[in-house]
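Reviewing the structure listed below.
The values are calculated or read from the model by the stated rules, or taken from the named source; none is laboratory data. Because the structure is predicted, anything quoted here is derived from the model rather than measured. So basically every Cβ, Gly included, is an ideal-geometry build from the backbone, and we count neighbours across all protein chains shown. Heads up: the accessible areas ignore ligands, DNA and RNA and are worked out on the full protein's heavy atoms, side chains in. Shrake-Rupley method; radii C 1.70, N 1.55, O 1.52, S 1.80 Å.
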Amino acid sequence: MDRLRVAVHSTVLILIIGWVLYIGKSIFVPAVLGAVIVYVIVGLAEMLGRLPVVGTRLPVQLRNLFSVAVIGLAFFLLAFLIMANKERALALAPQYQQSLLAAIQQVAVYFGVETEPTWATLRQELLAQVNLQRLLTSLAASVGSILVSFVVVFLYATFLLIERRTFDEKLANLSDDPKRVARVRGVIEAINRRIGSYLALKTLLSLLLGVVSYGVMRLCGLEFAALWAVLTAFLNFVPYVGSVLGVALPALMAVVQFQEPGVVLTLFLALAAAQFAIGNFLDPYVMGNSLNLSPFAILVSLAVWSELWGIAGAFLAVPITAILAIVFSEFPATRPLAVLLSMGGRK
């Protein structure tokens with residue numbers, strides 16, 4: 001009976017927490033994203049400090065400043081590319097819409113759909129439903145609001161960086177019991193070490209993927225190659241789904257732009273090869289050794305946090321799950337959950 005009562009109470013508590021996270025996402029998401037950016041800044045600074053010759057001579061403040069500059073440059077580049085290509089994308093939208101319809105008609109002819117009496121109706125419905133110009137205008141407005149939200153996120157990150165200097169003192173005064181303080185400190189250090197290492201390495205891998213993808217798209221002559229490359233780098237933070245979108249979106253753009261199967265297939269295979277090489281040889285090392293998370297747990301967390309917080313939840317799913325696994329491992333009642341979330345049952 002006691003176990004049933006505990007299970008019911010736990011289920012109710014989880015539902016309440018999920019509801020609060022959902023209705024309060026406009027408050028929680030910027031704060032959590034700010035914390036993630038701080039982790040990236042600190043992680044990159046620590047990696048710079050481990051460089052053989054230069055690292056030991058660079059002061060911590062200079063390394064942090066360099067990390068802030070790199071992250072700020074990445075977001076500025078994204079905003080600049082969106083604003084610079086907005087007008088051209090809107091101007092080319094009607095042309096691309098016609099190209100898209102022509103490509104669909106070619107596919108229909110190949111599969112014999114054109115002989116069906118409903119093809120003309122289907123084409124009319126397609127023209128009525130697919131309006132790339134309206135879609136791009138809506139997308140640009142959404143991106144604009146996202147960029148405004150990034151300003152709030154950077155404000156959170158700035159104040160978190162400032163308060164890092166007094167965090168140890170706050171932690172020491174958290175309790176009069178030295179054992180409890182030491183236990184909390186150990187959990188926080190484990191979170192900082194694993195999450196910081198993961199985010200820093202993931203950032204470097206994303207930059208590498210963006211550069212390689214840009215080279216491929218530039219060689220193929222794809223429109224807006226720089227913008228697609230930056231988006232591919234950001235999408236790499238989303239496990240599994242981000243890799244698919246990083247190949248599918250530029251490939252769809254190639255279908256609309258070129259209408260030549262050879263060029264489209266070359267671009268698709270080259271981008272897929274880059275994703276495969278990084279995703280199957282470098283990413284598993286980052287996922288397995290830095291976070292110790294099960295791939296299935298990552299996939300489930302991606303679905304849960306995407307449902308709660310949308311696109312931001314997809315980006316934050318892996319760090320949040322890793323933090324939960326570390327916290328769960330510290331308590332006997334929740335340690336089985338940590339084992340289930342881990343890679344190979346190692347807590």
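Values computed for the structure shown
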item	result
Kirkwood Rh and Cα Rg combined as Rg/Rh, the range 176-316	1.11
Unit charges on C-beta of K, R, D, E only; dipole of the range 175-331, Debye	400 debye
For SER342, residues with placed amide H under 5 Å, excluding near neighbours	SER294
Largest to smallest accessible area among ASP177, ASP168 [probe 1.4 Å]	ASP168, ASP177
Rounded Å value of the spacing that divides the Cα centres of the range 172-245 and the range 1-59	13 Å
